[in-house]
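Shown next, in structure tokens, is the structure this report addresses.
The values are calculated or read from the model by the stated rules, or taken from the named source; none is laboratory data. Quick caveat, the model's predicted, so the values are computed rather than measured. In this analysis, Cβ positions are derived from the backbone assuming ideal geometry, glycine residues included, and neighbour counts consider all displayed protein chains. The area values use the complete protein model at the heavy-atom level, side chains included, leaving out ligands, DNA and RNA. Shrake-Rupley method; radii C 1.70, N 1.55, O 1.52, S 1.80 Å.
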Amino acid sequence: MKKLNKVLLYFLPAVLFFSYHPVISLGANEFMNFDLSLPEIWLVLFFVASLPTIRSFFKFYGLKRIALAYAIPMYFLLSSFWSGNVTRTILTTGILGLVIFTVMQLLMMLKEDSKLRGDLIKVLLFSAAFLCVVCWVQCVMDIAGISREYTLLCRGCTYSSFGFPHPNGFAIEPQFMGNLLLVPTLLSFYLLFASAYKNKKQKISLVILTGFLTTTLFITLSRGAIFSFVLGLVVLFVFSCTKKFPLIKYKSKKARFTIAIMVVCMMLALFSEGVFAAFSPTNDDFITGVTKSIHQMTLGVIDIRPTTNLVNDADESTTEEAISGAEDGSTEISSSFSGYVAESTDTRLNLNSLAIDTWVSSPKYFLVGTGIGAAGIAMHEKHPIELGPKEIVQNEYVSLLLETGVLGCLIILAVLIFAVRFIPKNPLFLAILVSFAFSLLFFSGLPNALHVYILPFLFATKYNFFVENKVQRHSDKRH
């Protein structure tokens, strides 16, 4: 069983990319859907396979640290006594408990096996490259008129929306696909910063991989993922070039090289979107595809769209007609949106407002929350006309405020503050944490974002693991 435990761990980076497809539907009720994904199945299998090592697990961490790690899920479980959605509360708590167990097992196994991290990183990068290929294939298949049944694109991901597709891979939406690419993309830039290559051939391969991952992230058209990536890259570069991290010395050449890669990838993404728009069955062309993308990504600030092509964005009914027409193979249809979709931003902000209004409407909600996973029901009861009971808050921080209350947020904060003492000051680890922390402003929930809570700990080390040996060799030569 111990060997099985390790074998399963090798599959983890790849499995996390299949966050929604394939999915096993187990039915639904009026409050939630019961779906089972590959990552969730993996968590259960890994837990069962790890049971024979449970004694060494307790010995490694000690009872106090384990109790601290499970303080948050214990409070979540306690909230089932006042939750409006007990089933979801228990299921969410169970998933979180499995995630914490996986992270702690991962850290313990990385400590015991010095080669494990390198092997998992290789799996991660290979899996990310494969998923990027899938994303581009999805785009080509969509332009060719192949049904979403085969492309696995979400309803709003096809060319009928903007005139060009924006892929979601095996995730439920492009924002999650883009979010899944954050870690491998930041990692590839870190490898370039650290000069983690042995020869010119490896350097060229690494540059190509970095460019491929970055360009694919851009074509997802997910503002949350792209903004988070840029922020993470800034943190990575700044922290890698300070005196606290002497293993990577500052070089202006690296700064220029990083900016050059970013600019080239952005241009390639815009060029691809323009080409897809030109070949799509819509009446869009290369120029409208490029300018729409720029308008959408800049929240409507930069508007260089041709005035002759500007039309009002379609309402919900015409959007459905356009998508249906596209799937039926109709030609020369108008895409649903002429540029920046303000409704997407407005909806998120409105959900945040409704969630906060619900939170302060009741002393119980304010102090202990609605119960984890019960935000939708509470918001529906407070605002029955605006939204249904299955709605979620598209902001993890506001969602936690409503679902756990002041008491729950204080417990979470206390655990995080205590954990900070043990967080290593590794530039890549910090960049990933900042990037994911910022991305949580754009979505909420656990099942589709398990990678957010697991992958960062693959890099939880106090050393710059790719350049440590190289620096040591250089030091030995000087002496």
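Laid out as a table, the results:
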| item | result |
| --- | --- |
| Surface per residue (accessible, 1.4 Å probe) for segment 79-140, Å² | 42 Å² |
| Listed residue (F81, L51, G27) projecting farthest to the positive dipole end of segment 1-94, Cβ model | L51 |
| Computed [θ] at 222 nm, helices only, for the chain once each DSSP H run of length n ≥ 4 contributes -39500 (n - 2.57) | -20500 deg cm²/dmol |
| Ranked by how many other beta carbons lie within 10 Å on average, peptides 99-109, 446-456, 410-420 from highest | 446-456, 99-109, 410-420 |
| Relative pair counts by distance (%), Cα atoms of segment 143-283, 10 Å bins | 11, 37, 30, 15, 6, 1 |
| Estimated FRET transfer efficiency (I24, S205; beta-carbon r; R0 30 Å; 0.05) | 0.20 |
| Measure of compaction for the chain (Cα Rg per 2.2 N^0.38 Å) | 1.01 |
| Accessible carbon and sulfur surface of the chain relative to its total accessible area, %, 1.4 Å | 67 percent |
| Listed peptides 225-232, 135-142, 365-372, 254-261 by packing density, highest first (mean Cβ within 10 Å) | 365-372, 225-232, 135-142, 254-261 |
| Entries of K111/K201; K6/K390; K254/K425 with Cα pairs more than 30 Å apart | K111/K201; K6/K390 |
| At R0 = 22 Å, FRET efficiency that the Cβ-Cβ distance of K64 and S114 yields, to 0.05 | 0.25 |
| Pairwise FRET efficiency - T307 versus I423, Cβ, R0 = 56 Å, nearest 0.05 | 0.60 |
